[in-house]
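Worksheet: one structure, shown below.
The values are calculated or read from the model by the stated rules, or taken from the named source; none is laboratory data. The model shown is predicted, which means the values in this text are computed figures rather than measured ones. Here the Cβ positions follow ideal geometry from the backbone for every residue, glycine too, while neighbour counts run over all protein chains shown.
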Amino acid sequence: MRAPPPAFFGLAACLADGASKGAEIARDLGLAAAAIPAPHAGDAAADIQPFWHVTQSRGPAFVDLQNDVTAKDIAIAHGEGFRSVEHLKRYTTLGMATDQGKTSNVTGLAIMASLTGQSIEAAGTTIFRPPYTPVAIGVLAGHHRGRDFRPIRPTPTHQWAESQGAKFVETGLWLRAQYFPRAGESDWLETVTREVTNVRTSVGLIDVSTFGKIDLQGKDAGALLDFAYINMFSTLPIGRARYGVMLREDGIVMDDGTTTRFGDNHYVMTTTTVNAAKVFQHLEFCLQVLRPDFDVQLTSVSEQWAQIAIAGPNARKVLAGIVDSADISNEALPYMGAIEADVLGGTPARIFRLSFSGELGYEIAVPARHGQRLAQALMEAGRSFDITPYGTEALGVMRIEKGHVSGSELNGQTSARDLGLGRMASSKKDYIGRVMAQRPAFLDPDRPVLAGFRPVDRSQRLRAGAHFLGLNKPADIKFDEGYMTSVAYSPSLRHWIGLGMLNRGPERIGDIVRAYDPIRGADIEVEICAPTFIDPEGVRLRG
């Protein structure tokens, strides 16, 4: 027998019910509501019945399109005794896709109810999981545009840097101070020149918290570092730091940085900002796949520590103003040394004597919540020395002056030998990338190798990306000898300088080549020189 039609499918009945419900709601709200006569309308006959699937079709009647469940599958479940809605779901995978039963289950449960002679209400429903209502695409993807494409990750001193008038730049996942302009400075180059000059002649400060920091502990921590780096770390004395180079399995340089030993089984590694997560994943792969026998625990502590570098001839005097009682003399804390000490009246800190600028330098790490206070204290301690904050642009200038490689040279195409770091590779141990780094192409004497460059006409500007050609060679790719990777205006030398990869570069010091840049219309003569432009003996950083 056919069920009666729903009560309010006719227009007149719907209008009357609406008037009645409106008056009822008004009374519930305490309002005097007179009965409103419903508009006059005629009712057409309504005889609506549910239609779940075409029963006479020869093909499958799909119920769940994501899991390919058909009406026949539900009938099989019924025949096999899986009639409970929860059993039906698991027997057929009905409603187990992303809709979680909010679409396909309506049809599926209706079919099972019909087969068991029950109403859908009596047959029941499965337990729905979130989302209970559809999620708009705008909620999931609407903010992934413009500045909202990815979250802004400020450093611990971000607010302080803003108060100093910093201009910011995205570096990896972080927002870092690029430079700190002052009133009267015409452009960024004038600002950066002032910042570099101040560091070289007195002292400067920069937040380096964005460097990746990985804590390694365990009896095999030194062995893991030996396996990951081309040079030895298991022999590193406690309280000392060492520069390391890490290769990919194909022999290409992955990353570089310093690692410090704080105990027999305790090391702290630093990585470049961009590669922090990549290096951590690489070390985890080593432990889980390549050397599961190693007893080492890794923890990423990049966000746990605020780290500020100070550099310049007066750096030690400034540091003395914030250290509680530790001996930071040249004898007690030599270059590449590290100590744990209290600063700012009882705040635990790690002090590393490192230098990316080539000047006397220190990096002070404190718990992240103290980062801004540390920056303010250093500025106050350095007030009499005209301490100045500097940003990533000045840092880049000084690393080029010193011949330090960075992201432009660690571009996924260079080996340790290409970068002039081949002598660091230990012959006493195995390490990742060792075999592949010995492929003939990497040992080719004509392979581009790191060298320094300066314009023959010192007034001319260098451009990164320019390609090197012989003086009498046409501008053709077959005569290409390498390219300029990084350039900067050197305030110390008062002209532009650059680093680049050149065929047999170190063997050709003193020769002249062309730096050809057709995109920007430049074709100038440059002199090949050693990549270290400032203090090649390292007297300043060891002072």
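Numbers for the structure displayed
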item	result
Scope region 210-237; condition out of contact with any Asp or Glu (no Cβ under 7 Å at 6 or more places or on another chain), farther than 22 Å from GLU409 by Cα and not in a helix (DSSP H, G or I); matching residues	ILE214, ASP215, LEU216, GLN217, THR235, LEU236, PRO237
Residues located in region 192-207, provided they are crowded, with 23+ Cβ neighbours inside 10 Å and in a loop (DSSP other than H, G, I, E, B)	VAL203
Answer from ARG248, ARG242 - the residue that is outside the structural domain of THR392 (by TED's automatic domain parsing), basic (Lys, Arg) and closer than 20 Å to PHE442 by Cα	ARG248
Hits in region 238-250 - residues which are in a loop (DSSP other than H, G, I, E, B) and farther than 16 Å from CYS286 by Cα	ILE238, GLY239
Within region 416-491, strands (runs of 3 or more DSSP E) holding 1 or more residues that are within 30 Å of ASN198 (Cα to Cα)	448-455, 482-490
Any hit, region 444-453, residues being within 29 Å of the chain's Cα centre (by Cα), crowded, with 17+ Cβ neighbours inside 10 Å and modelled with pLDDT of 95 or more	yes
Any chance GLY321 is surrounded by fewer than 22 Cβ atoms within 10 Å (Cβ to Cβ), at positive phi and not basic (Lys, Arg)	no
Odd one out for GLU170 among (1) modelled with pLDDT of 95 or more; (2) exposed (fewer than 15 other Cβ atoms within 10 Å of the Cβ); (3) assigned by TED's automatic domain parsing to the domain that holds GLU359	(1)
Single unsatisfied condition, GLU409 versus (1) over 30 Å from TRP188 (Cα atoms); (2) outside any helix (DSSP H, G or I); (3) charged (D, E, K, R)	(1)
Residue match in region 84-92 (condition: more than 22 Å from PRO50 (Cβ to Cβ), in contact with a helix residue (DSSP H, G or I) (Cβ under 6 Å, 6 or more places away or on another chain), surrounded by 15 or more Cβ atoms within 10 Å (Cβ to Cβ) and of a type outside the set (Lys, Arg))	yes
Matching option when the condition is in a helix (DSSP H, G or I) and either modelled with pLDDT of 75 or more or surrounded by fewer than 13 Cβ atoms within 10 Å (Cβ to Cβ) (or both), among ALA44, ALA12, ALA38, ALA34	ALA12
Looking only at region 163-198, and only at residues there that are over 30 Å from VAL279 (Cβ atoms) and acidic (Asp, Glu), the one that is farthest from the chain's Cα centre (by Cα)	GLU185
Region 484-529, subset touching a helix residue (DSSP H, G or I) at 6+ places or on another chain (Cβ under 8 Å) and of a type in the set (A, V, I, L, M), residue surrounded by the most Cβ atoms within 10 Å (Cβ to Cβ)	LEU499
Residue count for region 374-425, restricted to those that are closer than 25 Å to LEU319 by Cα, of a type in the set (D, E, K, R) and surrounded by fewer than 18 Cβ atoms within 10 Å (Cβ to Cβ)	3
Unmet requirement for GLY81, which otherwise passes all of (1) outside the structural domain of GLY18 (by TED's automatic domain parsing); (2) in contact with a helix residue (DSSP H, G or I) (Cβ under 6 Å, 6 or more places away or on another chain)	(2)
Flag if GLY218 is at positive phi and either in the same structural domain as ILE351 (by TED's automatic domain parsing) or at pLDDT 95 or above (or both)	yes
Members of region 353-385 that are over 24 Å from GLU170 (Cα atoms) and out of contact with any helix residue (DSSP H, G or I) (no Cβ under 7 Å at 6 or more places or on another chain)	ARG353, LEU354, ALA377, MET379, GLU380, ARG383, SER384
Tally of residues being of a type in the set (A, V, I, L, M, F, W, C) and surrounded by 10 or more Cβ atoms within 10 Å (Cβ to Cβ) across region 20-31	3
Residue identified as modelled with pLDDT under 85 and within 30 Å of PRO389 (Cα to Cα) among GLY146, GLY138	GLY146
